[in-house]
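Report on one structure; see the data block that follows.
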Amino acid sequence: MTLMTIPEATHEVAAPRGGTPAVEIVGVGKAFGPVTALSQVDLTLEEGDFLAVLGPSGCGKTTLLRCMAGFERIDAGRIALGGRAVALPGIHLPPHRRHVAVVPQEGALFPHLSVAENVGFGLSRRSRGRARRIEESLELVGLAGLSARMPHELSGGQQQRVALARALAPRPPLVLLDEPFSALDASLRVELRHDVRAALREAGATAILVTHDQGEALSMADRVAVMRDGEIRQVGTPVEVYGSPVDAWVATFVGEADLVDLPVGGWGSEDDEVASTPLGPVRVVRPASGRDCTRLVVRPEQVLLEEVAQVGRGADGPGHGVVTAVDFHGHDALVTVELADGTAVHARTGAHPPAVGTPVHARIVGDCRAVPDGGLGPLPQPAPLNVPSHG
């Protein structure tokens, strides 16, 4: 895997809010032979934080989780939990001494043990409050009354809840969730995300979720760390990562986005910056280093479509195009429009989108953020489309 050089500004490590951080990761590196899995990873979590580590397959997010849990040794940097260093080059505290709970992808319950025995596995059998803590943990995940059941008598979602209860029962300082919803169907994933988030919040647990699902990260976490090729590209709240991506790659990975090349010399004054685009003039929002920006990020919810027959416009002018695809989702639809110059843009509409082949005018509502390229390279040049005019 090839590592990219990331500008220092993208490593937005939050400063501690006061006291000792629950998790502190500084300059962590890890390689497997010639392959660098982690490079200069920095992260800080306060007690009770919920961080989602988001990235594509092979970006290093699971390796990072395994290093925190103690399943892998780090080659460089430092990992500290609650102010105690648990990993340094040459120093490696084993997993059972870190008191970190891991919820794996498919629960990994003991099939020969009951629900109660699974949940109580990490609790001392001599503890007088053991039975009460088991029941509290099951109630926390919505499984009160199911302690006598066996794992095979539970649904997939219930098994994942048991795995979470088992993780929370010993009150660990850190809970690591390794894509815990990937094996579940879509409707159950949505329900379980909400319940797991509520259980973690009620328990006051510090948690890190590893996922490649953007919706999962944005809907569950307090903060999101976006990874690519072993490096952290951006850390911020879900609103910050989605609304203010640091570069074009983050913008296209976190949610849906179209990229538009900023025209050379297209900047106006710093107080009134407007760029000309295939969708017409667009007001630009830029970061402090905006002069290095080469792309505009256009989100589908910013693109407004009007059917040509309704607005009475011809085929000339910016924004004219034809609907080439409609992805219908019930409550809304993602519509693909090919403009006259061949540029493809996407618009999110209501439950009654225009049909494929409909001539439309597309325009941008609101401001667009300017971003650096981020290693994506030149955008493909579109072939002009022969757009039919509407009499």
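Structural remarks
- Residue within the stretch 70-86 that is touching a residue at least 60 places away in the same chain (Cβ under 8 Å), closer than 29 Å to TYR242 by Cβ and crowded, with 19+ Cβ neighbours inside 10 Å present: no
- The stretch 334-367, residues that are surrounded by fewer than 19 Cβ atoms within 10 Å (Cβ to Cβ), in a strand (DSSP E or B) and either aliphatic (A, V, I, L, M) or outside the structural domain of LEU296 (by TED's automatic domain parsing) (or both): LEU334, ALA344
- The residues of the stretch 72-85 that are closer than 20 Å to GLU231 by Cα and of a type outside the set (Lys, Arg), listed by number, are GLU72, ILE74, ASP75, ALA76, GLY77, ILE79, ALA80.
- Considering the conditions (1) surrounded by fewer than 21 Cβ atoms within 10 Å (Cβ to Cβ); (2) assigned to a helix (DSSP H, G or I), LEU200 is excluded by exactly one of them, (1).
- Flag for CYS59 being assigned to a loop (DSSP other than H, G, I, E, B), assigned by TED's automatic domain parsing to the domain that holds THR20 and surrounded by 23 or more Cβ atoms within 10 Å (Cβ to Cβ): yes
- Counted residues, the stretch 174-195 - those being under 19 Å from LEU65 (Cβ atoms) and at pLDDT 85 or above: 7
- Test: residue in the stretch 244-259 that is of a type outside the set (Ser, Thr, Tyr), modelled with pLDDT of 90 or more and farther than 30 Å from ILE208 by Cα: yes
- Test: residue in the stretch 82-104 that is under 22 Å from the mean Cα position of the chain (by Cα), modelled with pLDDT of 95 or more and not hydrophobic (A, V, I, L, M, F, W, C): no
- Selection status of ARG128, of a type in the set (Lys, Arg), loosely packed, with under 14 Cβ neighbours inside 10 Å and either without any contact (Cβ under 8 Å) to a residue 24 or more places away in the chain or touching a helix residue (DSSP H, G or I) at 6+ places or on another chain (Cβ under 6 Å) (or both): yes
- Sole exception among (1) under 27 Å from ARG66 (Cβ atoms); (2) exposed (fewer than 15 other Cβ atoms within 10 Å of the Cβ); (3) of a type in the set (S, T, N, Q) for GLN160, by number: (2)
- Exactly one residue out of LEU93, LEU64, LEU143, LEU88 is under 24 Å from ALA198 (Cα atoms) and not polar (S, T, N, Q), and it is LEU143.
- Verdict on GLU179 being in the same structural domain as ALA69 (by TED's automatic domain parsing), of a type in the set (D, E, K, R) and surrounded by fewer than 19 Cβ atoms within 10 Å (Cβ to Cβ): no
- Pair list, Cβ < 9 Å and 6+ apart or interchain, from the stretch 336-357 residues that are more than 10 Å from GLY321 (Cβ to Cβ) to residues that are aromatic (Phe, Trp, Tyr): ALA351/PHE328; PRO353/PHE328
- Number of the condition not met by GLN381 [criteria: (1) surrounded by 13 or more Cβ atoms within 10 Å (Cβ to Cβ); (2) modelled with pLDDT under 90]: (1)
- Test for ARG228: is it basic (Lys, Arg) and either modelled with pLDDT of 85 or more or buried (at least 23 other Cβ atoms within 10 Å of the Cβ) (or both): yes
- Residues considered: GLU306, GLU301. Of these, the only one that is charged (D, E, K, R) and either modelled with pLDDT of 95 or more or in a helix (DSSP H, G or I) (or both) is GLU301.
The values are calculated or read from the model by the stated rules, or taken from the named source; none is laboratory data. All values reported here derive from a predicted model rather than from experimental measurement. Heads up, the Cβs are rebuilt from the backbone with ideal geometry, glycines too, and the neighbour counts pull from every protein chain shown.
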